[in-house]
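To keep things clear, I will list the structure first and then write my remarks on it.
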Amino acid sequence: MTKTVILTGDRTTGPLHIGHFAGSLRNRLSFQSDHGQYLLLADSQALTDNTHDPGKVRRNVLEVALDYLAVGIDPDRTTICLQSHLPALAELSMLYLNFVTVARLERNPTIKDEIRARGFGRDIPAGFLCYPAAQAADITAFKATIVPVGEDQAPLIEQTNEIVRRINATAGAGILPEAKAVIPKSGRLPGIDGKAKMSKSAGNAIALSASPDEIRAAVRAMYTDSAHLRADDPGHVEGNVVFSYLDAFDDDLEAVEELKARYRRGGLADRAIKARLEAVLQNLIAPIRQRRMEIAQHPDHVLDVIRCGTAKARERTEATKRQVVEALGLFLL
(Lines give C-alpha, C1' and ligand atoms only; values in the text may rest on other atoms or scores of the structure.)
Protein backbone atom coordinates (compact mmCIF):
# COMPACT_ATOMS: atom_id res chain seq x y z
CA MET A 1 0.00 0.00 0.00
CA THR A 2 1.35 3.46 -0.91
CA LYS A 3 1.98 5.55 2.17
CA THR A 4 0.33 8.93 2.62
CA VAL A 5 2.88 11.65 1.91
CA ILE A 6 3.39 14.32 4.54
CA LEU A 7 5.41 17.52 4.10
CA THR A 8 6.43 19.68 6.99
CA GLY A 9 9.44 21.78 7.92
CA ASP A 10 10.90 24.82 9.64
CA ARG A 11 12.60 28.06 8.69
CA THR A 12 16.30 27.90 9.49
CA THR A 13 16.46 31.07 11.56
CA GLY A 14 17.49 29.58 14.91
CA PRO A 15 17.36 26.47 17.09
CA LEU A 16 13.89 25.06 17.72
CA HIS A 17 11.98 25.60 20.97
CA ILE A 18 9.36 23.82 23.02
CA GLY A 19 6.61 25.51 21.04
CA HIS A 20 7.83 23.61 17.99
CA PHE A 21 7.86 20.41 20.05
CA ALA A 22 4.25 20.86 21.18
CA GLY A 23 2.99 22.15 17.84
CA SER A 24 4.73 19.89 15.33
CA LEU A 25 7.66 17.72 16.43
CA ARG A 26 5.56 15.32 18.50
CA ASN A 27 3.27 14.77 15.53
CA ARG A 28 6.23 14.24 13.23
CA LEU A 29 7.59 11.54 15.51
CA SER A 30 4.29 9.65 15.31
CA PHE A 31 3.84 10.24 11.57
CA GLN A 32 7.20 8.76 10.59
CA SER A 33 6.10 5.25 11.56
CA ASP A 34 3.21 4.97 9.10
CA HIS A 35 3.64 7.73 6.51
CA GLY A 36 6.08 8.89 3.87
CA GLN A 37 7.35 12.02 5.59
CA TYR A 38 9.53 14.78 4.12
CA LEU A 39 11.01 17.35 6.48
CA LEU A 40 12.10 20.57 4.80
CA LEU A 41 14.91 22.75 6.10
CA ALA A 42 13.36 25.94 4.73
CA ASP A 43 16.43 28.11 4.18
CA SER A 44 15.11 29.77 1.02
CA GLN A 45 11.93 30.81 2.79
CA ALA A 46 13.96 32.06 5.76
CA LEU A 47 15.75 34.47 3.42
CA THR A 48 12.51 36.30 2.57
CA ASP A 49 12.93 38.45 5.68
CA ASN A 50 16.59 37.79 6.55
CA THR A 51 18.45 39.07 3.50
CA HIS A 52 20.30 41.44 5.84
CA ASP A 53 21.92 38.41 7.49
CA PRO A 54 22.11 35.39 5.16
CA GLY A 55 24.86 33.94 7.35
CA LYS A 56 22.27 33.48 10.10
CA VAL A 57 20.16 31.35 7.77
CA ARG A 58 23.17 29.29 6.70
CA ARG A 59 24.39 28.67 10.26
CA ASN A 60 21.02 27.49 11.43
CA VAL A 61 20.61 24.78 8.81
CA LEU A 62 22.74 22.51 11.00
CA GLU A 63 21.15 23.81 14.21
CA VAL A 64 17.64 22.87 13.10
CA ALA A 65 18.83 19.53 11.70
CA LEU A 66 20.47 18.81 15.07
CA ASP A 67 17.18 19.50 16.82
CA TYR A 68 15.36 17.12 14.47
CA LEU A 69 17.77 14.30 15.19
CA ALA A 70 17.90 15.05 18.92
CA VAL A 71 14.13 14.71 19.40
CA GLY A 72 14.13 11.37 17.59
CA ILE A 73 13.48 12.08 13.92
CA ASP A 74 14.84 9.00 12.13
CA PRO A 75 16.42 9.80 8.74
CA ASP A 76 15.74 6.22 7.64
CA ARG A 77 12.01 6.90 7.98
CA THR A 78 11.81 10.67 7.50
CA THR A 79 13.58 12.40 4.63
CA ILE A 80 15.35 15.54 5.85
CA CYS A 81 16.11 17.84 2.90
CA LEU A 82 17.42 21.34 2.17
CA GLN A 83 15.00 23.63 0.35
CA SER A 84 17.58 25.73 -1.51
CA HIS A 85 19.10 22.61 -3.08
CA LEU A 86 15.83 21.51 -4.67
CA PRO A 87 15.68 23.60 -7.89
CA ALA A 88 12.28 22.20 -8.87
CA LEU A 89 10.74 24.11 -5.95
CA ALA A 90 11.95 27.45 -7.27
CA GLU A 91 10.89 26.58 -10.82
CA LEU A 92 7.41 25.54 -9.74
CA SER A 93 7.12 28.68 -7.59
CA MET A 94 7.76 30.86 -10.62
CA LEU A 95 5.28 28.85 -12.67
CA TYR A 96 2.58 29.05 -9.99
CA LEU A 97 2.87 32.83 -9.72
CA ASN A 98 1.10 32.92 -13.08
CA PHE A 99 -1.91 31.27 -11.46
CA VAL A 100 -2.40 33.72 -8.58
CA THR A 101 -2.91 37.49 -8.41
CA VAL A 102 -1.12 40.04 -6.25
CA ALA A 103 -4.48 40.99 -4.75
CA ARG A 104 -5.08 37.39 -3.67
CA LEU A 105 -1.61 37.14 -2.13
CA GLU A 106 -2.21 40.35 -0.18
CA ARG A 107 -5.57 39.07 1.09
CA ASN A 108 -4.07 35.94 2.62
CA PRO A 109 -4.71 36.35 6.39
CA THR A 110 -1.43 34.70 7.36
CA ILE A 111 0.60 37.00 5.13
CA LYS A 112 -1.35 40.07 6.28
CA ASP A 113 -0.69 39.23 9.94
CA GLU A 114 3.01 38.57 9.35
CA ILE A 115 3.44 41.79 7.37
CA ARG A 116 1.85 43.70 10.23
CA ALA A 117 3.95 41.92 12.86
CA ARG A 118 7.19 42.70 11.02
CA GLY A 119 6.26 46.32 10.36
CA PHE A 120 6.94 46.10 6.61
CA GLY A 121 4.27 48.64 5.66
CA ARG A 122 4.46 48.78 1.86
CA ASP A 123 8.15 47.81 1.84
CA ILE A 124 7.27 44.14 1.62
CA PRO A 125 9.99 41.89 0.21
CA ALA A 126 8.55 40.35 -2.95
CA GLY A 127 9.69 36.91 -1.84
CA PHE A 128 7.75 37.33 1.39
CA LEU A 129 4.57 38.39 -0.37
CA CYS A 130 4.87 35.48 -2.79
CA TYR A 131 5.40 32.93 -0.03
CA PRO A 132 1.95 31.28 -0.53
CA ALA A 133 2.92 30.37 -4.10
CA ALA A 134 6.30 29.12 -2.91
CA GLN A 135 4.67 26.98 -0.25
CA ALA A 136 2.25 25.62 -2.83
CA ALA A 137 5.29 24.61 -4.87
CA ASP A 138 6.86 22.90 -1.84
CA ILE A 139 3.72 20.93 -1.01
CA THR A 140 2.80 19.91 -4.54
CA ALA A 141 6.35 19.05 -5.61
CA PHE A 142 6.30 16.25 -3.04
CA LYS A 143 2.64 15.50 -3.83
CA ALA A 144 1.92 15.78 -0.13
CA THR A 145 -1.68 15.33 0.95
CA ILE A 146 -1.16 16.05 4.65
CA VAL A 147 0.56 19.19 5.94
CA PRO A 148 0.82 19.65 9.74
CA VAL A 149 0.56 23.38 10.47
CA GLY A 150 -0.52 25.76 13.19
CA GLU A 151 -4.02 27.19 12.98
CA ASP A 152 -2.63 30.53 11.76
CA GLN A 153 -1.05 28.75 8.78
CA ALA A 154 -4.26 27.11 7.55
CA PRO A 155 -5.00 29.92 5.03
CA LEU A 156 -1.76 29.03 3.26
CA ILE A 157 -2.98 25.48 2.69
CA GLU A 158 -6.29 26.84 1.42
CA GLN A 159 -4.42 28.99 -1.08
CA THR A 160 -2.26 26.02 -2.11
CA ASN A 161 -5.40 24.10 -2.96
CA GLU A 162 -6.73 27.04 -4.96
CA ILE A 163 -3.57 26.97 -7.07
CA VAL A 164 -3.81 23.18 -7.41
CA ARG A 165 -7.36 23.45 -8.72
CA ARG A 166 -6.33 26.09 -11.28
CA ILE A 167 -3.37 24.01 -12.45
CA ASN A 168 -5.53 20.89 -12.78
CA ALA A 169 -8.23 22.80 -14.61
CA THR A 170 -5.72 24.26 -17.05
CA ALA A 171 -4.08 20.87 -17.59
CA GLY A 172 -7.45 19.17 -17.98
CA ALA A 173 -6.37 16.43 -15.59
CA GLY A 174 -5.95 15.89 -11.86
CA ILE A 175 -2.16 15.85 -11.90
CA LEU A 176 -1.74 17.43 -8.46
CA PRO A 177 -3.53 16.34 -5.26
CA GLU A 178 -5.05 18.77 -2.80
CA ALA A 179 -3.59 18.88 0.69
CA LYS A 180 -5.22 18.73 4.09
CA ALA A 181 -4.03 20.90 6.96
CA VAL A 182 -3.55 18.95 10.21
CA ILE A 183 -3.73 21.34 13.16
CA PRO A 184 -2.48 20.20 16.61
CA LYS A 185 -5.11 20.07 19.34
CA SER A 186 -2.88 21.92 21.81
CA GLY A 187 -2.87 25.05 19.64
CA ARG A 188 -0.03 27.56 19.62
CA LEU A 189 1.79 28.08 22.89
CA PRO A 190 2.10 31.66 24.16
CA GLY A 191 5.50 33.12 24.93
CA ILE A 192 6.70 33.02 28.53
CA ASP A 193 5.70 36.70 28.80
CA GLY A 194 2.09 35.89 27.92
CA LYS A 195 1.99 38.78 25.46
CA ALA A 196 2.65 37.09 22.13
CA LYS A 197 3.20 33.76 20.47
CA MET A 198 6.37 31.96 21.42
CA SER A 199 9.09 32.83 18.94
CA LYS A 200 12.85 32.91 18.64
CA SER A 201 12.88 36.52 17.43
CA ALA A 202 10.76 37.78 20.36
CA GLY A 203 13.11 36.22 22.91
CA ASN A 204 10.21 34.67 24.81
CA ALA A 205 10.87 31.00 24.02
CA ILE A 206 12.56 28.06 25.73
CA ALA A 207 14.96 26.32 23.37
CA LEU A 208 15.03 22.53 23.14
CA SER A 209 18.73 22.86 23.96
CA ALA A 210 18.15 25.08 27.02
CA SER A 211 20.31 24.44 30.08
CA PRO A 212 18.75 23.60 33.47
CA ASP A 213 19.44 27.16 34.66
CA GLU A 214 17.85 28.65 31.54
CA ILE A 215 14.75 26.51 32.01
CA ARG A 216 14.51 27.48 35.67
CA ALA A 217 14.88 31.20 34.91
CA ALA A 218 12.29 31.05 32.13
CA VAL A 219 9.71 29.33 34.32
CA ARG A 220 10.26 31.76 37.17
CA ALA A 221 9.72 34.66 34.77
CA MET A 222 6.47 33.26 33.37
CA TYR A 223 3.32 35.32 33.41
CA THR A 224 0.56 33.84 35.58
CA ASP A 225 -2.26 36.07 36.85
CA SER A 226 -1.63 39.68 37.82
CA ALA A 227 -4.59 39.59 40.25
CA HIS A 228 -3.29 36.50 42.06
CA LEU A 229 -1.22 38.37 44.63
CA ARG A 230 -1.44 35.84 47.49
CA ALA A 231 -1.79 32.08 47.55
CA ASP A 232 -5.25 32.38 49.13
CA ASP A 233 -6.56 34.62 46.34
CA PRO A 234 -8.71 32.94 43.66
CA GLY A 235 -6.77 32.84 40.41
CA HIS A 236 -7.49 32.70 36.69
CA VAL A 237 -6.40 29.67 34.71
CA GLU A 238 -7.36 31.09 31.32
CA GLY A 239 -4.48 33.16 29.95
CA ASN A 240 -2.15 31.78 32.61
CA VAL A 241 1.02 30.76 30.78
CA VAL A 242 2.04 28.16 33.36
CA PHE A 243 -1.22 26.26 32.96
CA SER A 244 -0.99 26.54 29.17
CA TYR A 245 2.37 24.80 29.35
CA LEU A 246 1.16 22.20 31.85
CA ASP A 247 -1.69 21.38 29.46
CA ALA A 248 0.83 20.92 26.66
CA PHE A 249 3.53 18.93 28.45
CA ASP A 250 2.27 17.35 31.69
CA ASP A 251 1.12 13.79 31.06
CA ASP A 252 -0.86 13.61 34.31
CA LEU A 253 -3.99 15.32 33.04
CA GLU A 254 -6.01 14.50 36.15
CA ALA A 255 -3.44 16.12 38.42
CA VAL A 256 -3.36 19.24 36.25
CA GLU A 257 -7.15 19.56 36.39
CA GLU A 258 -7.00 19.31 40.19
CA LEU A 259 -4.36 22.05 40.29
CA LYS A 260 -6.60 24.23 38.14
CA ALA A 261 -9.53 23.72 40.49
CA ARG A 262 -7.40 24.59 43.54
CA TYR A 263 -5.97 27.65 41.82
CA ARG A 264 -9.43 28.92 40.84
CA ARG A 265 -10.82 28.67 44.36
CA GLY A 266 -7.66 29.97 46.05
CA GLY A 267 -5.08 28.28 48.22
CA LEU A 268 -2.42 27.48 45.62
CA ALA A 269 0.67 29.65 45.19
CA ASP A 270 2.21 30.51 41.85
CA ARG A 271 5.51 29.04 43.01
CA ALA A 272 3.82 25.63 43.44
CA ILE A 273 2.55 25.43 39.87
CA LYS A 274 5.84 26.82 38.57
CA ALA A 275 7.77 24.17 40.50
CA ARG A 276 5.66 21.45 38.89
CA LEU A 277 6.12 22.93 35.42
CA GLU A 278 9.86 23.28 35.88
CA ALA A 279 10.14 19.60 36.80
CA VAL A 280 8.10 18.63 33.74
CA LEU A 281 10.23 20.74 31.38
CA GLN A 282 13.52 19.62 32.92
CA ASN A 283 12.50 15.99 32.35
CA LEU A 284 11.38 16.75 28.79
CA ILE A 285 14.44 18.71 27.67
CA ALA A 286 17.27 16.89 29.50
CA PRO A 287 17.42 13.82 27.19
CA ILE A 288 16.95 15.97 24.08
CA ARG A 289 19.78 18.27 25.17
CA GLN A 290 22.05 15.29 25.89
CA ARG A 291 21.39 13.64 22.53
CA ARG A 292 21.92 16.95 20.78
CA MET A 293 25.32 17.41 22.42
CA GLU A 294 26.34 13.89 21.38
CA ILE A 295 25.19 14.29 17.76
CA ALA A 296 26.85 17.72 17.52
CA GLN A 297 30.21 16.01 18.01
CA HIS A 298 29.77 14.50 14.53
CA PRO A 299 28.83 17.35 12.15
CA ASP A 300 29.86 15.30 9.10
CA HIS A 301 27.17 12.76 9.97
CA VAL A 302 24.55 15.53 10.15
CA LEU A 303 25.69 16.85 6.76
CA ASP A 304 25.48 13.36 5.28
CA VAL A 305 21.92 13.02 6.54
CA ILE A 306 20.99 16.30 4.83
CA ARG A 307 22.84 15.42 1.61
CA CYS A 308 21.26 11.97 1.31
CA GLY A 309 17.78 13.26 2.09
CA THR A 310 18.14 16.14 -0.35
CA ALA A 311 19.24 13.80 -3.14
CA LYS A 312 16.17 11.63 -2.55
CA ALA A 313 13.89 14.68 -2.43
CA ARG A 314 15.45 16.13 -5.59
CA GLU A 315 14.50 13.02 -7.54
CA ARG A 316 10.88 13.21 -6.40
CA THR A 317 10.45 16.96 -6.92
CA GLU A 318 12.06 16.94 -10.37
CA ALA A 319 9.66 14.21 -11.49
CA THR A 320 6.68 16.29 -10.34
CA LYS A 321 7.98 19.44 -12.02
CA ARG A 322 8.39 17.61 -15.32
CA GLN A 323 4.88 16.20 -15.03
CA VAL A 324 3.39 19.65 -14.40
CA VAL A 325 5.31 21.25 -17.27
CA GLU A 326 4.25 18.49 -19.64
CA ALA A 327 0.60 18.60 -18.53
CA LEU A 328 0.45 22.37 -19.08
CA GLY A 329 1.68 21.89 -22.64
CA LEU A 330 4.98 23.70 -22.20
CA PHE A 331 8.01 22.78 -24.28
CA LEU A 332 10.17 19.91 -23.01
CA LEU A 333 13.73 19.16 -24.07
Open item on the list: Name the residue that is nearest to the chain's Cα centre (by Cα), counting only residues in the stretch 87-119 that are over 22 Å from R165 (Cβ atoms) and open to solvent by less than 40 Å² (accessible area, probe 1.4 Å).
Closed with: E114
Task: Extreme residue, farthest from G55 (Cα to Cα), among residues of the stretch 1-22 that are part of a strand (DSSP E or B) and among the aliphatic types (A, V, I, L, M) - done: V5
Task: Residue selected from the stretch 22-55 under the condition among the hydroxyl-bearing types (S, T, Y) and within 22 Å of R77 (Cβ to Cβ), by the criterion nearest to the chain's Cα centre (by Cα) - done: S24
TODO: Test L25 against the criterion of being on the phi < 0 side of the Ramachandran plot and assigned to a strand (DSSP E or B), and give yes or no.
DONE: no
- [ ] Only residues that are β-branched (V, I, T) and touching a Ser or Thr at 6+ places or on another chain (Cβ under 8 Å): list them for the stretch 192-230, please.
- [x] none
Task: Selection status of G19, under 13 Å from the mean Cα position of the chain (by Cα) and on the phi > 0 side of the Ramachandran plot - done: no
Open item on the list: If V302 satisfies all but one of (1) part of a loop (DSSP other than H, G, I, E, B); (2) at pLDDT 95 or above, what's the number of the condition it fails?
Closed with: (1)
Open item on the list: I'd like the residue in the stretch 44-69 that is open to solvent by 20 Å² or more (accessible area, probe 1.4 Å) and charged (D, E, K, R) and, out of all such residues, is farthest from L129 (Cα to Cα).
Closed with: E63
Task: Residue count for the stretch 196-248, restricted to those that are open to solvent by 20 Å² or more (accessible area, probe 1.4 Å) and either outside any loop (DSSP other than H, G, I, E, B) or among the aliphatic types (A, V, I, L, M) (or both) - done: 17
Task: Exclusive hit being touching a Lys or Arg at 6+ places or on another chain (Cβ under 6 Å) and farther than 30 Å from N60 by Cβ, set L259, L268, L253 - done: L268
Task: Single residue of the stretch 249-259 satisfying the filter (surrounded by 17 or more Cβ atoms within 10 Å (Cβ to Cβ) and within 29 Å of the chain's Cα centre (by Cα)) that is nearest to R289 (Cα to Cα) - done: F249
Open item on the list: For the stretch 297-330, give me the residue count where each residue is more than 15 Å from C81 (Cβ to Cβ) and open to solvent by 60 Å² or more (accessible area, probe 1.4 Å).
Closed with: 10
TODO: Given the conditions (1) closer than 17 Å to I192 by Cα; (2) in a helix (DSSP H, G or I), report the number of the one that A286 does not fulfil.
DONE: (1)
TODO: Output the residue which, of all residues in the stretch 127-163 that are open to solvent by less than 10 Å² (accessible area, probe 1.4 Å) and out of contact with any helix residue (DSSP H, G or I) (no Cβ under 7 Å at 6 or more places or on another chain), is farthest from A173 (Cα to Cα).
DONE: I157
- [ ] Being among the basic types (K, R) and surrounded by 15 or more Cβ atoms within 10 Å (Cβ to Cβ) narrows it down to one of R265, R271, R276, so name that one.
- [x] R276
Open item on the list: Six or more apart or on different chains, Cβ atoms under 9 Å: show the pairs whose first residue is in the stretch 162-174 and more than 11 Å from V324 (Cα to Cα) and whose second is open to solvent by less than 50 Å² (accessible area, probe 1.4 Å) and among the charged types (D, E, K, R).
Closed with: E162/R104
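The values are calculated or read from the model by the stated rules, or taken from the named source; none is laboratory data. Bear in mind that the values here come from a model prediction, so they are computed numbers and not experimental data. All Cβ positions, glycine included, derive from the backbone under ideal geometry; neighbour counts span all protein chains shown. Surface accessibility is based on the protein's heavy atoms, side chains included, excluding ligands, DNA and RNA. Shrake-Rupley method; radii C 1.70, N 1.55, O 1.52, S 1.80 Å.
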